[in-house]
Amino acid sequence: SSLIGAAVTLGALAVAISYCLPWVPVLGKHLNRRDHAAAAQIGFRFNSYIMLALSERIIGAQGQLMMAVVIGICVPLFNIAAVWPMSRGSNRGFIGEVVRNPLIIATVAGLACNFMGLSIPKLVEPIFTRIGSASLALGLMAAGAGLQFGELQRNKALTVSILSIRHLIQPIIALFLAKAFRLDAAQSIVLILFAASPTAPSAFVLAARMGYNGPYVAGLVTLSTMLGVLSLPLALGL
C-alpha cells in the first residue's frame, strides 16, 4: 500500500505540473495550447514494457510483481488524464473517448480476468507472448516513422518543459516520496524506475487518433526514449 500510495501521489503531481504549464509566467506565452493538450501526457505516462523488464533484471520476480501492480493501477488513471485535455480541446465527449480508449479497455479487461481467475489457454499462449514482445518495437517504429524535426523546433519551450517533467522533476520527487512513504530498498527502486522511465509510445497513437499534432508527439516520444538511456541510470544511481 505504501508503494501504491507513493506511485499514485507521484503520478498526480506529474499530471498537475504538466497541466499547469500554460499558466506558468513567461513560459505560458510561448506555448501553443493545442499542442500542449496533446503533449501533456508525455510528462506523466510511462513505458510499462521497459519498467517491467528492468524491475525483473534488477530486483527479480518480486520487483516485477510490484511493478505489475503499480502499472495495473496507474495505467487507467493516467490514460484518463491523457484524454481529458484533448477531449476538451476538440469538443469531443470525454466519457465516450475514455470508454473507447483501447489501453483502458485492455487494462480493465486484464484486471477483470485476473480477479476472476481466468487465464490464456496454453495452446495460444505462445502467440500472444510473441505479439506482446513485438508491441514495444512496433510502437517505437510507428513513433519514429511519424517524427518530424520541424515540429520539435517550432515548440522548443514546450518540448524542454514537458521532457524535464518526465526525466528530471519526477525522479527528484520520487526520491523524496520514497523517504516520506518509508519504502524499503526494492520498493524505492520500483518507484525510481516508474519515475525515470521513457514515456509511452502509444501517446503518439492517442494524439493522432484524436486529431492532434501526431508528428510533434512522435518527436517527444523519440526524444524521451533516448533521454531514458541517461535518466534511468542517473536516477538509480541517486
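Pick from ALA12, ALA40: which is within 16 Å of the chain's Cα centre (by Cα) and surrounded by fewer than 19 Cβ atoms within 10 Å (Cβ to Cβ)?
ALA12
For region 213-238, a residue qualifies if it is among the β-branched types (Val, Ile, Thr) and either in contact with a strand residue (DSSP E or B) (Cβ under 9 Å, 6 or more places away or on another chain) or closer than 22 Å to LEU54 by Cα (or both), and the qualifying residues are VAL221, THR222, THR225, VAL229. Can you pull out every residue in region 172-208 that is small (Gly, Ala, Ser) and touching a residue at least 24 places away in the same chain (Cβ under 8 Å)? Answer for region 172-208, where residues must be small (Gly, Ala, Ser) and touching a residue at least 24 places away in the same chain (Cβ under 8 Å): ALA174, ALA178, ALA180, ALA186, ALA195, ALA196, SER197, ALA200, SER202, ALA203, ALA207, ALA208. Working carefully through the options LEU191, LEU183, find the one that is under 16 Å from MET66 (Cα atoms) and over 14 Å from the mean Cα position of the chain (by Cα). None of the others qualify; the one that does is LEU183. All of (1) over 20 Å from the mean Cα position of the chain (by Cα); (2) open to solvent by less than 30 Å² (accessible area, probe 1.4 Å); (3) at pLDDT 85 or above hold for LEU158 with one exception: (1).
Identify, please: which residue in region 119-136 is of a type outside the set (Ser, Thr, Tyr) and touching a helix residue (DSSP H, G or I) at 6+ places or on another chain (Cβ under 8 Å) and is, among those, most open to solvent (accessible area, probe 1.4 Å)? If we take residues in region 119-136 being of a type outside the set (Ser, Thr, Tyr) and touching a helix residue (DSSP H, G or I) at 6+ places or on another chain (Cβ under 8 Å), then ILE120 is most open to solvent (accessible area, probe 1.4 Å).
Do you know which residues across region 187-205 are of a type outside the set (S, T, N, Q) and modelled with pLDDT of 90 or more?
Hits for region 187-205 are ILE189, VAL190, LEU191, ILE192, LEU193, PHE194, ALA195, ALA196, PRO198.
Within the set LEU191, LEU206, the sole residue that is more than 16 Å from GLY11 (Cβ to Cβ) and part of a helix (DSSP H, G or I) turns out to be LEU206.
Condition first: open to solvent by less than 40 Å² (accessible area, probe 1.4 Å) and either free of Cβ contacts under 8 Å to residues at least 40 places away in the same chain or not in a helix (DSSP H, G or I) (or both). Now tell me which residues in region 209-232 satisfy that. Correct list: MET210, TYR212, ASN213. Residues in region 59-79 that are open to solvent by 10 Å² or more (accessible area, probe 1.4 Å), of a type outside the set (S, T, N, Q) and more than 25 Å from SER164 (Cβ to Cβ): ILE59, GLY60, ALA61, LEU65, MET66, ALA68, VAL69, GLY72, ILE73, PRO76. The single condition among (1) surrounded by fewer than 19 Cβ atoms within 10 Å (Cβ to Cβ); (2) closer than 19 Å to LEU3 by Cα; (3) charged (D, E, K, R) that LYS29 does not satisfy is (2).
The values are calculated or read from the model by the stated rules, or taken from the named source; none is laboratory data. All values reported here derive from a predicted model rather than from experimental measurement. FYI the Cβ positions are ideal-geometry reconstructions off the backbone, even for glycines, and counts take in every protein chain you see. Just so you know, the surface numbers come from the protein's heavy atoms only, side chains and all, with ligands and any DNA or RNA stripped out. Shrake-Rupley method; radii C 1.70, N 1.55, O 1.52, S 1.80 Å.
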